[in-house]
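What follows is a single structure, written as structure tokens, with notes after it.
The values are calculated or read from the model by the stated rules, or taken from the named source; none is laboratory data. None of these values were measured; they are calculated from a predicted model. All Cβ positions, glycine included, derive from the backbone under ideal geometry; neighbour counts span all protein chains shown. The area values use the complete protein model at the heavy-atom level, side chains included, leaving out ligands, DNA and RNA. Shrake-Rupley method; radii C 1.70, N 1.55, O 1.52, S 1.80 Å.
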Amino acid sequence: MLIHEENEEDLFDRLPDAILLTIFDKLQDAKSLSISSSLCKRFRFLTTQTHHISLAIPSQKYHKSLPFSSRNKFIRFFLKPFQFVYRQISQWNQICMPCDNTQKKSDSYSCCTCSYASSSPAEILRNFTEIKELEIRVPSNGGGGDSDSLLKWKGEFGSQLKNCLIVGGISLSPICNNDRIDNGDAPIRELELQRMANEDLKLRIVWIISSLIAASARHCLLEEVIKEKKLLNKVVIMDDIGQGKVCMNGEQVEEMRRDAEVFSSKMPALKVKMWYSPELELPEGGCVMKGATLVVVKPVEEWSKADDGGDLVAKGFGFAGDGKEEKVFDEVARELVKLERSYSLEMNSF
């Protein structure tokens, strides 16, 4: 064993601030940064200057009360001296404290023993003063209609909705040799000409409305953060299962900061354009999607006669990772936008 002298210099303290800031920027996770800030005054000062922050908001159904709030008088008396320490830490850090050992293991991955789960993003991030890029992950609420459906959506906002791209289907299965169409383009044309049944149309309308409501709710969640963080120039907020995301670039963030109080409605009058195929073969993905649907939503004034939604489809969804599922949804959008038949409808502001 090596015996270190008490006055031996800590080599970590010799690292310049620039390197530590790079490390914290790579760390990104707001909870980890908050815990790091409790270690020393230097960390507390530097973590506030982090430019890239990722915040995961846990589901409130797993939220646990503090051990200090136990009804057992003896336990409350025993833990009382520790309340002061906890309060001093929580004044600066709205973080999740360690879970009680009595917690069930099944809940340990998402249990929470502080106000982290019930606090707004603005409250949690209030001491990160130099955020430039922010990513927030919220719990999925099971929205989007039928839980067995395949659904992805992406919305862009300024002070109001700019556009929303939705792709969905009923099922996805590998291509079998028997499924391949070898009789020319005639069967494909027949599929394109099939009209959507009423039940199918109702399901797609549920997808559209639920996706727009989810997007609007996430946009509202950002209002206070964008108002307070003046350096913020990129925001992404998505759910933990990667079904939908709201994106804002620098211009859109500045527009929301400038015009947030002007607009009372987050959803203007919208025009919806929809493409549908009862069965769509995807050669790149090696699969077939049944009930494949593409929806492009824009404010009425944003549409032009020459605009067919192809510009949004070309951008894709941009979800993290190169998984097969993400590529399949992008391919579905590219194939459907080529179809001649499309459905259009308009929605009033809400």
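Using 0.36 nm per residue and subtracting the Cα-Cα separation, the extra length available between Glu284 and Asp29 on full extension is 88.3 nm.
Other residues lying with their Cβ under 15 Å from the Cβ of Ser37 contribute a combined charge of +1, Lys and Arg counting +1, Asp and Glu -1.
What the phi angles of segment 281-287 give under the Karplus curve with 6.51, -1.76 and 1.60, with θ = phi - 60°, is a coupling list of 8, 10, x, 5, x, x, 8 Hz, glycine and proline written as x. Across the cross-link table entries Lys290/Lys315; Lys41/Lys132; Lys41/Lys162; Lys229/Lys315, which are compared at the Cα atoms, the separations over 32 Å belong to Lys41/Lys162.
Annotation: amide H of Ala292 within the under-5 Å range of Ile170, Ser277, Glu279, Leu280, sequence separation 5 or more or interchain, hydrogens built in the peptide plane. Remark: for residue pairs Lys26/Lys230; Lys230/Lys327; Lys230/Lys271, the C-alpha separation exceeds 28 Å in Lys230/Lys327; Lys230/Lys271.
Phi-derived couplings, Karplus 6.51 cos²θ - 1.76 cosθ + 1.60 at θ = phi - 60°, listed residue by residue for segment 198-207: 4, 5, 5, 5, 4, 5, 5, 5, 4, 4 Hz, with x used for Gly and Pro.
Here the spin labels are modelled as points 7 Å beyond Cα on the Cα-Cβ line, and at Glu133 and Glu199 they lie 4.6 nm apart. Summing charges over all other residues whose Cβ lies under 9 Å from the Cβ of Cys247, with Lys and Arg as +1 and Asp and Glu as -1, gives +2. Of Phe350, Phe45, the order by accessible heavy-atom surface (1.4 Å probe, DNA, RNA and ligands excluded), from most exposed downward, is Phe45, Phe350.
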